[in-house]
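Novice: Before I ask anything, let me first share the structure, which is written out below as structure tokens.
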Amino acid sequence: MEKKELMEIFLKKGLIIDLESLEYFFKNPEQIEIFLKKIEGEKIPSIIKIDFLKSILESKEIEVKEIKKKIFEKKSVSVNDITQMLIERYEKIKSFFSYRMDIVNLISINKISEKTKKFSLITMVKEIDRKNKTAIVEDLTGETLVFFPNNFLNFVVQDEVVGLVCEKNNDRIEVLNVLWPDIPLNRKVASLERNVCCVFVSEKVLEENMEKFLKEISKTECESFLIFLFLGAYDEKKIENLKKALPLNSKLVLIKKGSFEQNEKFFTAPVFLSVEDKVKILVCDGHIFTSYQGILGEKTEEIMLSLLKKRHLDPIFSVEKIALEDRFIVDPVPDIFVSFDFGSSGLINYKGTTIISCGSSEKMFWIVNLKSRESLKIDLT
């Protein structure tokens, strides 16, 4: 391409470039389209000089990295492995109760005596009898039977760690209140200084509604987009074609459901990610909530909120899940908590955490601005 033709490209856009910038584009013609796309909506100087050109083209890519990265090995699981995992879960989640000011007169189960009246326990729920409103709970010193008043057992599930405010009447331990570790109240709302938007969308929605999706994205004023795409399977050819169709100012973050895999091209749910080391995002496959529907709520975002308060994504234990235990414990506290492929779409803001359900069958996606922390649901029907 001749320099005269290059000048005409910019003049048709109402832009004037200096000789140094012209020389740059003459040597790097592939950068022209990228540059023109990136300056859309930007304040442009009367004459484009090389410093401005480089500031646009060399803008730092948004960094997304995994917070918890653990290599899993397939191995047989012994009774000792299970016991150790449950002990570690108990001790880890017990430490989260340090935020709570309503745990008073905290004792261990072996310290309960005839003289004990009002006290608190931090226990793991071993067995639940919902009909008789009782549960067997345990800590590292022993186990005991506790009695619950009406409805107090509604949100309690087996194998979770709970705080119990109790009163002893003769030999009967009655629960006055059930407490969860929860998340701190005085959290600062995390944000970025740059106008970056996170897009949360499933592969199925994107494939069936690509044209509408791109149209909606073009309406959103953002410096750049992080598109979190939830995959059923990984198809390299399809992903490459998708990248070509997406706006130049976007970065694709691939989240794959299914059993854990080590792959540099995608993350496997559940996954804790950080954006620019400032905003923490927890993404999970919503199918893990199946056991909790009806117990912790009907709406997906209600179930997610309850599990966030419990600080565990899937507390009901099974041997198959033991390798993922570290990822199921909700630590650190996420700024954005997202689920895909389960239930219906919905949103709750809770103590600085944005809880988002993308649902399983709706033609929609979510946009979260990481600068303002505003959330927007986009309907593609």
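Novice: I'm checking my understanding of the structure. Among residues of region 192-222 that are among the acidic types (Asp, Glu) and in contact (Cβ under 8 Å) with a residue 60 or more places away in the chain, which one is farthest from GLU42 (Cα to Cα)?
Specialist: Looking at residues that are among the acidic types (Asp, Glu) and in contact (Cβ under 8 Å) with a residue 60 or more places away in the chain, I get GLU208.
Novice: With respect to ASN110, determine if the residue is in a loop (DSSP other than H, G, I, E, B), surrounded by fewer than 18 Cβ atoms within 10 Å (Cβ to Cβ) and either on the phi < 0 side of the Ramachandran plot or touching a strand residue (DSSP E or B) at 6+ places or on another chain (Cβ under 9 Å) (or both).
Specialist: no
Novice: Ok, one more. So, in region 113-139, of the ones that are in contact (Cβ under 8 Å) with a residue 24 or more places away in the chain, out of contact with any Phe, Trp or Tyr (no Cβ under 7 Å at 6 or more places or on another chain) and among the aliphatic types (A, V, I, L, M), which residue ends up nearest to PRO184 (Cα to Cα)?
Specialist: Checking each candidate, the answer is LEU121.
Residues are listed down the side, and each one gets a yes or a no for (1) out of contact with any Phe, Trp or Tyr (no Cβ under 6 Å at 6 or more places or on another chain); (2) part of a strand (DSSP E or B); (3) of a type in the set (Ser, Thr, Tyr):
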position: VAL156; (1), (2), (3): yes, no, no
position: ASP159; (1), (2), (3): no, no, no
position: ILE173; (1), (2), (3): yes, yes, no
position: ASN177; (1), (2), (3): yes, yes, no
position: GLU221; (1), (2), (3): yes, no, no
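Novice: Let me ask something additional. Before we move on, is ASP182 in a loop (DSSP other than H, G, I, E, B), within 24 Å of LEU305 (Cβ to Cβ), touching a strand residue (DSSP E or B) at 6+ places or on another chain (Cβ under 7 Å) and not hydrophobic (A, V, I, L, M, F, W, C)? Walk me through it before giving the result.
Specialist: Working: in a loop (DSSP other than H, G, I, E, B): yes; within 24 Å of LEU305 (Cβ to Cβ): yes; touching a strand residue (DSSP E or B) at 6+ places or on another chain (Cβ under 7 Å): no; not hydrophobic (A, V, I, L, M, F, W, C): yes.
The answer is no for ASP182.
Novice: May I pose another question? What number of residues within region 133-166 are at pLDDT 95 or above and either among the aromatic types (Phe, Trp, Tyr) or more than 22 Å from GLU88 (Cα to Cα) (or both)?
Specialist: Count: 8.
Novice: From the list GLY352, GLY343, pick out the single residue that is touching a helix residue (DSSP H, G or I) at 6+ places or on another chain (Cβ under 6 Å) and outside the structural domain of VAL157 (by TED's automatic domain parsing).
Specialist: Every option except GLY343 fails the conditions.
The values are calculated or read from the model by the stated rules, or taken from the named source; none is laboratory data. Given the structure is predicted, the values throughout are model-derived calculations rather than measurements. Note: ideal-geometry Cβ built from the backbone for every residue, glycine included; neighbour counts use all protein chains shown.
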